[in-house]
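Worksheet: the structure to be examined is printed underneath.
The values are calculated or read from the model by the stated rules, or taken from the named source; none is laboratory data. Everything quoted here is computed from the prediction, not taken from an experiment. Virtual Cβ from ideal backbone geometry, glycine too; neighbours counted across all protein chains shown. All accessible areas refer to the heavy atoms of the entire protein, side chains included, with ligands and DNA or RNA removed. Shrake-Rupley method; radii C 1.70, N 1.55, O 1.52, S 1.80 Å.
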Amino acid sequence: MTRGRLAPTPTGYLHVGHARTFALAAERAAGGTLIYRTEDLDAGRCRPEFAAAALEDLRWLGLKWTEGPDVGGPHASYVQSQRLPWFREVWSLLQATGAIYPCDKSRKDVERSLTAPHAEDDAEPIFPASLRPPVGAGREAREPDPTNWRFRVPDGETIAFVDALQGPQAFVAGRDFGDFLVWRKDGFPAYELAVVADDHAMGITEVVRGADLLLSTARQLLLYRALGWTAPTWAHAPLIVDAEGKRLAKRSAGLSIRELRQKGKTPEEILTAPSNQLLS
Ligand code: GLU
């Protein structure tokens with residue numbers, strides 16, 4: 001029986017891309033369990049009003065989840081900011097395997113040590129292996145704070161998986177992505193740790209999300225392996241683009257579920273109409 005999830009991050013209003021990805025997640029989990037989990041770990045950018053709006057928008061679209069807010073179960077168990085003890089436990093499990101290390105390098109250090117500028121401006125630069133501490137660093141730590149922690153990737157290894165929607169995928173550790181953050185010095189887990197910790201704890205069997213997270217899946221597979229946990233299967237939804245091929249998520253104006261609703265669009269149109277029709 002499928003256990004799927006909707007995992008909105010309340011840093012803004014949900015847009016049409018979220019609507020379609022979440023509708024797909026609901027469809028693929030039909031007859032099984034669908035969990036609604038709020039991913040609000042970025043305290044600086046998340047707002048309670050966006051969390052409330054996300055719930056309201058998804059309800060209005062007609063999505064129905066079976067665990068999480070509104071449908072029973074202690075609400076706090078499905079809100080990541082309320083789950084810090086669990087994330088600290090997972091940090092401990094990882095630390096005991098020797099797979100992660102404390103890292104005091106800043107973004108500037110990383111940029112300075114790179115020979116070539118990164119191709120995409122907004123992409124995270126690949127953490128250079130030359131900045132790693134020796135193996136065993138951080139072995140004595142009992143707490144993650146107040147330090148950043150990174151996962152040491154197996155350089156040169158190809159991380160391959162078959163995505164249910166995008167087909168076979170392969171990313172090379174150390175080339176397509178480098179040592180990634182699992183813990184932030186502000187006392188919160190990084191996205192990759194939190195999402196794996198919760199997908200595992202909630203027994204998720206299939207992760208449905210946007211194709212912009214395909215590379216993250218390679219990182220997350222390394223976490224599952226280090227932790228000795230069985231990974232779910234993956235279905236990355238295509239990103240919606242406009243007539244010029246530009247990602248709709250990059251355009252802010254007019255495409256939030258609320259704005260479209262105010263313009264009189266129906267849930268059906270938001271979920272299925274071609275993007276140029278929605279923009280008109
Ligand atoms: N919370 C993430 C987002 O809204 C989704 C993470 C995931 O589905 O793994 O982008």
Residue-averaged [θ]222 nm for the chain, counting only DSSP H segments that reach four residues, each worth -39500 (n - 2.57): -9500 deg cm²/dmol
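Can you divide the C-alpha Rg of the chain by 2.2 N^0.38 Å and report the result to two decimal places?
After normalising by residue count via 2.2 N^0.38 Å, the value is 1.04.
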Calculate, for the chain, the solvent-accessible area per residue in square angstrom, rolling a 1.4 angstrom probe over the heavy atoms of the protein chains. 49 Å²
Kirkwood Rh over alpha-carbon pairs of segment 67-111, then Stokes-Einstein at 10 °C and 1.306 mPa s: what D in µm² s⁻¹, rounded to an integer? 118 µm²/s
Using unit Cβ charges (K, R positive; D, E negative) and no other charged atoms, how large, in debye to the nearest 20, is the dipole of the chain about its Cα centre? 100 debye
Across segment 132-148, in residue order, what do the Karplus-derived ³J(HN,Hα) couplings come to in whole Hz, using 6.51 cos²θ - 1.76 cosθ + 1.60 with θ = phi - 60° and x for Gly and Pro? 6, x, x, 4, x, 4, x, 4, 7, 5, 10, 9, x, 6, x, 10, 6
If you line up the Cα atoms of segment 10-50 on their principal axes, what length do they span on each, largest first, in Å? 36, 20, 14
Whole-Hz couplings from phi, Karplus 6.51/-1.76/1.60, listed for segment 177-192; x for Gly and Pro: 7, x, 4, 10, 6, 10, 9, 10, 5, 7, x, 10, x, 6, 3, 4
Which value, in Å² rounded to 10, gives the accessible area of residue 219 with a 1.4 Å probe and all protein chains present? 40 Å²
Grab the eigenvalues of the alpha-carbon gyration tensor for segment 54-179, scale each by 5, take roots, and send me the semi-axes largest first in whole angstrom. 33, 23, 16
Could you rank 270, 126 by how accessible they are, 1.4 Å probe, largest area first? 126, 270
Could you grab the relative contact order for segment 178-273? Cα pairs under 8 Å, six or more apart, rounded to a whole percent. 21 percent
Given 10 °C, 1.306 mPa s and a Kirkwood radius over Cα pairs, the Stokes-Einstein diffusion coefficient of segment 195-280 in µm²/s is 104 µm²/s
Starting from the amide H of residue 6, placed 1.01 Å from N in the peptide plane, find each other amide H under 5 Å away whose residue is 5 or more places distant or on another chain. 35, 36, 37
The value for segment 120-278 (convex hull of the alpha-carbon atoms, volume per residue, Å³) is 169 Å³
In percent, what relative contact order does the chain have, based on Cα pairs under 8 Å that are 6 or more apart in sequence? 21 percent
Amide H contacts under 5 Å for residue 207, restricted to residues at least 5 apart in sequence or on another chain and with H modeled in the peptide plane, are 233, 234, 235
Once exposed loop GluC sites (Glu not before Pro) are cut out (DSSP; at most 11 other Cβ, 10 Å), longest piece of the chain: 1-119
Got a number for carbon plus sulfur as a percent of the chain's accessible area, 1.4 Å probe? 53 percent
Which whole-number percent gives the relative contact order of segment 63-190, counting Cα pairs below 8 Å spaced six or more residues apart? 25 percent
